[in-house]
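Below is one structure, written out as structure tokens, with a few remarks after it.
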Amino acid sequence: MTIVRLNAEDRWSDAIINNGTMYFTVVPEIDGTDAQQQVENCLEQIEAMLQERGGDKTRLIDVTVFLADKNDFAALNRAWDAWVVHGKAPVRTTVQALLMKPDWKVEIKVIAAI
């Protein structure tokens, strides 16, 4: 069984595919915006990454959301509820975490079937 590493660099890969499962993480591509905009940007990236491999958001299995500020939980849920396919939501965990870039309000780790 081959493990596929997408855009592998010395410290990370953009994604890993193993046995029909894709693992990846997204961070905002936009700085200086509010939490909801950053979440929406991350969700767009997730959808694009899945579509590049022939999948879609109904194939999400497990999503872990890291929020820099727990007070942004409502903003996360507004963006998430507008985006997720109702009745096909993945397992989701949300935690507050100190993120590596001060402008980041969110980071999202994804496991999906493709």
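Bear in mind that the values in this text are calculations on the coordinates, not laboratory data. In this text the structure is predicted, and so the values were computed from the model without any measurement. Neighbour counts run over all protein chains shown; Cβ positions are idealised from the backbone, glycine included.
Going by the structure shown, is Asp81 closer than 28 Å to Arg5 by Cβ and among the acidic types (Asp, Glu)?
Against the criterion (closer than 28 Å to Arg5 by Cβ and among the acidic types (Asp, Glu)), Asp81 does not qualify.
Counting just the residues of region 2-26 that are aliphatic (A, V, I, L, M) and closer than 17 Å to Ile111 by Cβ, which one comes out farthest from the chain's Cα centre (by Cα)?
Ile3
On the given criteria, is Gln96 buried (at least 18 other Cβ atoms within 10 Å of the Cβ) and either among the aliphatic types (A, V, I, L, M) or touching a Leu at 6+ places or on another chain (Cβ under 9 Å) (or both)?
Considered against the rule, which asks whether it is buried (at least 18 other Cβ atoms within 10 Å of the Cβ) and either among the aliphatic types (A, V, I, L, M) or touching a Leu at 6+ places or on another chain (Cβ under 9 Å) (or both), Gln96 comes out as no.
Taking region 30-79, which residues are among the charged types (D, E, K, R) and over 13 Å from Gln96 (Cβ atoms)?
Asp31, Asp34, Glu40, Glu44, Glu47, Glu52, Arg53, Asp56, Lys57, Arg59, Asp62, Arg78
Got a sec? Which of Ile3, Ile16 is without any contact (Cβ under 8 Å) to a residue 24 or more places away in the chain, of a type outside the set (Ser, Thr, Tyr) and either touching a His at 6+ places or on another chain (Cβ under 7 Å) or over 13 Å from Ala112 (Cβ atoms) (or both)?
Ile3
Among the residues of region 71-91, is there at least one that is surrounded by 14 or more Cβ atoms within 10 Å (Cβ to Cβ) and under 13 Å from Thr25 (Cβ atoms)?
no
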